[in-house]
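*Asks:* Here it is, the structure in full.
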Amino acid sequence: MNQLREMFLQASPREQLVIAAGGGFLTILLLFTLVLLPAQKKRDKQIRMNEAALTEQQQVRELASQLLGRAQTPDQSVVSGSLIDVLNATTPKYQLQVEDFQPTGNADARVRLAKADLNSVLAWVNEMENVNSVQVKELTAATGPETGSAIINLRLHRD
């Protein structure tokens with residue numbers, strides 16, 4: 001440390017100014033890269049998480065109001081016909097896309113929903129069970145190709 005100080009004091013005033021300015025610049029650069037950039041990245045990540053949570057909260061509120069509205073009006077439209085008729089009538093309401101439909105008997109079927117929002121799927125399943133008398137025998141969910149989406153596999157039964 002003393003050697004560095006000696007070298008600095010032996011340098012000309014112009015060199016001392018260049019060394020001091022370089023040291024100040026280096027200090028500012030280190031402060032920026034070690035403190036400010038990580039803090040800014042954490043802030044941006046928190047903003048994205050807050051926006052996602054707010055969007056999800058709004059969707060839940062909308063679905064809850066829809067469910068409460070349905071509970072107050074007992075004359076809900078029950079879709080009659082086959083299981084495929086029920087699927088065709090109900091999935092567009094919840095913006096769900098049926099990717100695969102495999103009948104496994106007279107009243108059973110395997111269904112795959114692609115790029116589905118889980119909140120919409122749960123609201124749809126509620127309508128299927130409580131309004132259209134379709135039983136969900138099996139439900140599996142996997143992460144979808146896009147953020148916030150899921151691939152849903154169902155085994156349905158209708159009496």
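*Asks:* Taking the residues in the stretch 87-103 that are aliphatic (A, V, I, L, M) and part of a helix (DSSP H, G or I) as candidates, determine which candidate is surrounded by the most Cβ atoms within 10 Å (Cβ to Cβ).
*Replies:* LEU87
*Asks:* Using the structure shown, decide if ALA11 is touching a residue at least 12 places away in the same chain (Cβ under 8 Å) and open to solvent by less than 100 Å² (accessible area, probe 1.4 Å).
*Replies:* For ALA11, the condition - touching a residue at least 12 places away in the same chain (Cβ under 8 Å) and open to solvent by less than 100 Å² (accessible area, probe 1.4 Å) - is not met.
*Asks:* Could you list all residues from the stretch 126-150 that are assigned to a loop (DSSP other than H, G, I, E, B), farther than 15 Å from LEU96 by Cβ and open to solvent by 90 Å² or more (accessible area, probe 1.4 Å)?
*Replies:* PRO145, THR147
*Asks:* Taking into account only those residues within the stretch 104-121 that are open to solvent by 60 Å² or more (accessible area, probe 1.4 Å) and modelled with pLDDT of 90 or more, which is farthest from LEU83 (Cα to Cα)?
*Replies:* Per the criteria, the residue is ARG112.
*Asks:* Which one is farthest from ARG112 (Cα to Cα) among residues in the stretch 77-100 that are hydroxyl-bearing (Ser, Thr, Tyr) and either touching a helix residue (DSSP H, G or I) at 6+ places or on another chain (Cβ under 7 Å) or modelled with pLDDT of 80 or more (or both)?
*Replies:* Per the criteria, the residue is SER82.
Rundown of residues vs (1) touching a strand residue (DSSP E or B) at 6+ places or on another chain (Cβ under 9 Å); (2) hydroxyl-bearing (Ser, Thr, Tyr); (3) surrounded by fewer than 10 Cβ atoms within 10 Å (Cβ to Cβ); (4) at pLDDT 90 or above, yes/no style:
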site	(1), (2), (3), (4)
ALA20	no, no, no, yes
ALA52	no, no, no, yes
ARG61	no, no, no, no
LEU67	no, no, no, no
ALA71	no, no, no, no
ASP75	no, no, yes, no
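*Asks:* May I pose another question? What pairs come out if I take residues in the stretch 53-64 that are in contact (Cβ under 8 Å) with a residue 40 or more places away in the chain and part of a helix (DSSP H, G or I) and pair them with residues that are open to solvent by less than 70 Å² (accessible area, probe 1.4 Å) and not polar (S, T, N, Q) whose C-beta lies under 8 Å away, six or more apart or interchain?
*Replies:* GLN59/ASP117; LEU63/ALA123
The values are calculated or read from the model by the stated rules, or taken from the named source; none is laboratory data. Note that the coordinates shown come from a computational prediction; the quantities given were computed from them, not determined experimentally. Neighbour counts are summed over all protein chains in view; Cβ atoms, including those assigned to glycine, are modelled from backbone coordinates with ideal geometry. Quick note on the areas: whole protein, heavy atoms, side chains included, nothing else; ligands and nucleic acids left out. Shrake-Rupley method; radii C 1.70, N 1.55, O 1.52, S 1.80 Å.
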